[in-house]
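The values are calculated or read from the model by the stated rules, or taken from the named source; none is laboratory data. Just so we're clear, the structure is a prediction, and the values are computed from it rather than from any experiment. Cβ: placed from backbone, ideal geometry, glycine included. Neighbour counts: every protein chain shown. Just so you know, the surface numbers come from the protein's heavy atoms only, side chains and all, with ligands and any DNA or RNA stripped out. Shrake-Rupley method; radii C 1.70, N 1.55, O 1.52, S 1.80 Å.
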Amino acid sequence: PTILVRNIFDTTASLLDFYTNGFVFSTYFDKEEFLTFDDDQKIDLLIEYVLPWYFQFVASWQRAENDGRLDVNWITYEEMVADKAKMAERVLKYYGINAPNALIEEKLAEIEADRENNRFNKGGTGRGKLVLTSEQRDRISRLARHFPSTDFSCLGI
């Protein structure tokens with residue numbers, strides 16, 4: 001598998017945008033109630049109910065890799081947005097697929113042009129520090145304590 005990870009603080013900022021501006025259904029909470037919350041309450045809900053899944057996700061894939069059950073291709077969102085073509089080439093090579101750079105660039109341009117279906121938000125990094133308070137960032141970081149053998153540096157922790 002190829003596993004895409006992102007700074008957890010930026011992920012939280014992106015989730016805030018997603019759940020505020022465009023989601024249809026949530027297994028975590030009621031949409032109409034969520035939309036009545038102020039941003040701090042929305043972020044609190046994300047920290048308590050949504051973000052633990054991300055920590056478990058990384059922990060479980062790392063455990064599978066460390067146990068030798070899988071060879072995992074870890075990529076970061078930050079690397080991807082910095083050079084999408086290079087990242088696409090890297091992923092393709094991981095699977096033994098060679099593609100001309102021109103074809104990769106062409107396909108990326110097609111995908112990016114289809115804003116309605118690609119659901120790409122802002123594509124930036126560092127927003128978590130702007131959107132979250134230091135207390136919220138501390139609460140997020142403390143979620144890692146439940147997985148003491150996991151390296152969460154890939155999430156920015």
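List of remarks:
- Filter pass, residue 56 being open to solvent by 50 Å² or more (accessible area, probe 1.4 Å) and touching a His at 6+ places or on another chain (Cβ under 9 Å): yes
- Residue count for the range 84-93 satisfying the condition of being open to solvent by 70 Å² or more (accessible area, probe 1.4 Å) and either within 12 Å of residue 4 (Cβ to Cβ) or in contact with an Asp or Glu (Cβ under 9 Å, 6 or more places away or on another chain) (or both): 2.
- Residue check, residue 5 in contact (Cβ under 8 Å) with a residue 60 or more places away in the chain and surrounded by 16 or more Cβ atoms within 10 Å (Cβ to Cβ): yes
- From 96, 126, residue being on the phi > 0 side of the Ramachandran plot and open to solvent by 50 Å² or more (accessible area, probe 1.4 Å): 96
- Scanning the range 27-42 for residues that are β-branched (Val, Ile, Thr) and either open to solvent by less than 80 Å² (accessible area, probe 1.4 Å) or more than 22 Å from residue 3 (Cβ to Cβ) (or both) yields a count of 1.
- Residue 45 vs. criteria closer than 13 Å to residue 136 by Cβ and open to solvent by 10 Å² or more (accessible area, probe 1.4 Å): yes
- Meets criteria (in a helix (DSSP H, G or I) and at pLDDT below 95) for residue 79: yes
- Boolean, residue 110 is at pLDDT below 95 and surrounded by 14 or more Cβ atoms within 10 Å (Cβ to Cβ): no
- Conditions (1) at pLDDT 95 or above; (2) open to solvent by less than 40 Å² (accessible area, probe 1.4 Å); (3) in a helix (DSSP H, G or I): number failed by residue 104: (1)
- Residue check for residue 24: among the hydrophobic types (A, V, I, L, M, F, W, C), under 30 Å from residue 95 (Cα atoms) and either open to solvent by 70 Å² or more (accessible area, probe 1.4 Å) or in contact with a Ser or Thr (Cβ under 8 Å, 6 or more places away or on another chain) (or both): no
- Condition met for residue 65 (open to solvent by less than 70 Å² (accessible area, probe 1.4 Å), of a type outside the set (A, V, I, L, M, F, W, C) and at pLDDT 95 or above): yes
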